[in-house]
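K.L.:
Shown below is the structure under consideration.
The values are calculated or read from the model by the stated rules, or taken from the named source; none is laboratory data. Source: prediction; values computed, not measured. No Cβ is skipped: glycine too gets one built from the backbone with ideal geometry, and neighbour counts run over all protein chains shown.
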Amino acid sequence: MTLRYNLLDEPLIRTRLVAGGQPQSFSLPALLAALGRDEIRDFPALRPHQRHPWHAFLVQLAAMALHHADRDAIFESEQAWKDALLALTPDDQDGAAWCLISPHDRPAFMQAPVPSGAVGSWKNRLSAADELDMLVTSKNHDLKAARMRQAEVDDWLMALVSLQTQEGFLGAGNYGISRMNGGFASRPAIGVLPQGYWGKRWCRDVLILLAHREEIAEQQGLQSEGGVGLLWLEPWSGENSRAFASLDPFYVEICRRIRLGCADGAHAIFAISTGSKTAHIEAKARNGMTGDPWTPVDTAAGKALTINAEGFHYRLAAELLFGSKYRRSIAQVPDAGDGSNGLVVLAQGVTRGQGKTEGYHERRIPISPKARQLLIQKQTDRLAKVAGERVYAISQIRNVLWTALAALFDQGAAKDKFSDSAKNKASDFVKPFEQAEDIRFFDALNDQIESDQPEAEHLQWLLSMVSSAEAILKNAFTAGPQCGEQRYRAQAAALSRFHGGLRSTKKPPVPILAEYYRQQSLPKELAHEQP
């Protein structure tokens, strides 16, 4: 078998350029040079769930190459990058480790050598690039499987990186990566997205990794020098695991035994795979705490973040950015060089389950100039307080709305124990309220942070939330009782529950609102006299 599809020399990676969106293909070294000039708009072969694994791979690889070259600045030329990448694979100067296809007893890109090169017992053959990828779809409803039978080379490249760097446990012999909290967890990513294109963020994160290398090594017990960085270079029989402590802080792992090939006389790529008796890296006891630059850590529980099917909802996102539960990832803390305007924190991740995936989640969280400055100075108390108050207010107004809806669907009965049918309907109708507040949560929070009158801004947000909740309640009238007296009794009871709940003075759900409504009900001369 000859070497084929050499990433160091062949322009196999398709892109669209920033300048006019023109298509252009690059070799891997040429791509790194173009990223350094921030010339890349996007990658046509890249599917949404593959975005972070591809970004992380390019960052970790570049940071490793720069450190090995004893350099703290980005290389500018394609040749310099090629030399640096070859220096990472000194035993494969012909570039075999950077080819998608090479003899099976030698390394190929993201594919470990097979001892003795014998693959005759590898029975699992994959003919489509998306069959190789890590997604598991339910009855092909969300995303059809095995469609990409006329795939380009970089379709296989992206699928290979996705599988090897973000897959989890999928049955006996199919172990997952070390950089997640358990086999059914996920590898979420939180990082700053400065203004610019792919290269802007890539440059930022490469330099951040270099600046924190010693910290990561010391914190995680990794090798600051001489550790294993590219885990596809050494033979892997599937019988044993590599010790976590032997790794480089920027290590790029592979979790599955895969080899690519081409049919005789054809250009069509296929893959063969087999299982392993152990995980490639022995890191089960670490609970995903590996020094991943993009993954926050739950400090009290001692484990890496895992997202559920809700994804990065406003409650979790606020906690990740401003709270104290998670240790922030090094990539998500703004830096003075990020610029003051248009800053965004990007959250990405695939929710995994037992034998399934439950959706790809991505959220872009705007960071205002004042919030950015407080984050840089690590003065997050004010941000956490404002965000916490807002999370609490949404939950309280949601509860008031839910109770009013339940009363409506229970025919206006004056009781607190509603029928199951009424409760189920109320839960369905209340969902749009919380979804709408989720969408605008951080924009509204930034408005308050930036405002010269934050209390007034907060009150206006509360009042707008009440208006939205009341509109949802009134729209639900069409689904409530429609028969004569029952109709009017149910609607009146629902409105009474809603407004009475917000105005309650005994246990006001949102005291600021209750006080506002009390002041509004007083005569003007008395209201002005109130302290």
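K.L.:
When the stretch 497-507 is examined, which residues are found to be small (Gly, Ala, Ser) and in contact (Cβ under 8 Å) with a residue 24 or more places away in the chain? Give the derivation first.
P.N.:
Pass one, the stretch 497-507, residues small (Gly, Ala, Ser): 500-501, 504.
Within the stretch 497-507, just Gly501 meets the criteria.
K.L.:
Does Thr295 count as at negative phi and surrounded by fewer than 22 Cβ atoms within 10 Å (Cβ to Cβ)? Reasoning before the result, please.
P.N.:
Values: at negative phi: yes; surrounded by fewer than 22 Cβ atoms within 10 Å (Cβ to Cβ): no.
No, not satisfied.
K.L.:
Let me ask you something else. Go through the residues of the stretch 70-91 one by one and say whether even a single one is closer than 22 Å to Leu32 by Cβ, part of a helix (DSSP H, G or I) and under 22 Å from the mean Cα position of the chain (by Cα).
P.N.:
No, the stretch 70-91 contains no residue that is closer than 22 Å to Leu32 by Cβ, part of a helix (DSSP H, G or I) and under 22 Å from the mean Cα position of the chain (by Cα).
K.L.:
Over 20 Å from Ile330 (Cβ atoms) and buried (at least 17 other Cβ atoms within 10 Å of the Cβ): is that true of Leu231 in this structure?
P.N.:
yes
K.L.:
Let me ask another. Here is a list: Lys415, Lys431. Which entry is surrounded by fewer than 16 Cβ atoms within 10 Å (Cβ to Cβ), free of Cβ contacts under 8 Å to residues at least 12 places away in the same chain, within 14 Å of Ala494 (Cβ to Cβ) and not polar (S, T, N, Q)? Quick ask: steps written out before the conclusion?
P.N.:
Numbers: Lys431 fails: within 14 Å of Ala494 (Cβ to Cβ).
The conditions single out Lys415.
K.L.:
Scan the stretch 241-279 for residues that are among the polar types (S, T, N, Q) and either buried (at least 16 other Cβ atoms within 10 Å of the Cβ) or within 21 Å of Met134 (Cβ to Cβ) (or both) and jot them down. Let's see the steps before the verdict.
P.N.:
Going residue by residue through the stretch 241-279, those that are among the polar types (S, T, N, Q) are 241, 246, 273-274, 276, 278.
Residues satisfying the conditions are Ser241, Ser273, Thr274, Ser276, Thr278.
K.L.:
Return the total of residues in the stretch 24-62 being touching a strand residue (DSSP E or B) at 6+ places or on another chain (Cβ under 6 Å) and not hydrophobic (A, V, I, L, M, F, W, C).
P.N.:
Counting residues in the stretch 24-62 that are touching a strand residue (DSSP E or B) at 6+ places or on another chain (Cβ under 6 Å) and not hydrophobic (A, V, I, L, M, F, W, C) gives 10.
Yes or no, residue by residue, for (1) in a helix (DSSP H, G or I); (2) modelled with pLDDT under 95; (3) aliphatic (A, V, I, L, M):
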{"site": "Ser116", "(1), (2), (3)": "yes, yes, no"}
{"site": "Asp155", "(1), (2), (3)": "yes, no, no"}
{"site": "Gly173", "(1), (2), (3)": "no, yes, no"}
{"site": "Phe184", "(1), (2), (3)": "no, yes, no"}
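K.L.:
Also, quick follow-up: Of the residues that sit in the stretch 15-38 and are crowded, with 19+ Cβ neighbours inside 10 Å and of a type outside the set (A, V, I, L, M), which one is farthest from Ala80 (Cα to Cα)? Give the steps one after another, and end with the answer.
P.N.:
Filtering the stretch 15-38 down to residues crowded, with 19+ Cβ neighbours inside 10 Å leaves 15, 26-36.
Filter once more, keeping what is of a type outside the set (A, V, I, L, M): 15, 26-27, 29, 36.
On the way: Thr15: 21, Phe26: 15, Ser27: 13, Pro29: 8, Gly36: 12 Å.
Looking at residues that are crowded, with 19+ Cβ neighbours inside 10 Å and of a type outside the set (A, V, I, L, M), I get Thr15.
K.L.:
Here is a further query. Say whether the condition of being under 25 Å from Leu163 (Cβ atoms) and without any contact (Cβ under 8 Å) to a residue 24 or more places away in the chain is met by at least one residue in the stretch 43-64. Steps first, answer last, please.
P.N.:
To start, the set of residues in the stretch 43-64 that are under 25 Å from Leu163 (Cβ atoms) comprises 43-64.
If we keep only those that are without any contact (Cβ under 8 Å) to a residue 24 or more places away in the chain as well, we get none.
Looking for residues that are under 25 Å from Leu163 (Cβ atoms) and without any contact (Cβ under 8 Å) to a residue 24 or more places away in the chain, one finds none in the stretch 43-64, hence no.
K.L.:
I would also like to ask the following. Within the stretch 380-387, does at least one residue satisfy the condition of being of a type in the set (Asp, Glu), free of Cβ contacts under 8 Å to residues at least 24 places away in the same chain and out of contact with any strand residue (DSSP E or B) (no Cβ under 6 Å at 6 or more places or on another chain)?
P.N.:
So in the stretch 380-387, the residues of a type in the set (Asp, Glu) come out as 381.
When the remaining residues are screened for being free of Cβ contacts under 8 Å to residues at least 24 places away in the same chain, the result is 381.
Filter once more, keeping what is out of contact with any strand residue (DSSP E or B) (no Cβ under 6 Å at 6 or more places or on another chain): 381.
Yes, that holds for at least one residue.
K.L.:
Moving on. Could you run through the stretch 352-372 and say how many residues are modelled with pLDDT of 90 or more and crowded, with 19+ Cβ neighbours inside 10 Å? Outline the logic, then answer.
P.N.:
Filtering the stretch 352-372 down to residues modelled with pLDDT of 90 or more leaves 360-372.
Narrowing further to those that are crowded, with 19+ Cβ neighbours inside 10 Å: 360-361, 363, 365, 367-368, 371-372.
Residues in the stretch 352-372 being modelled with pLDDT of 90 or more and crowded, with 19+ Cβ neighbours inside 10 Å: 8 in total.
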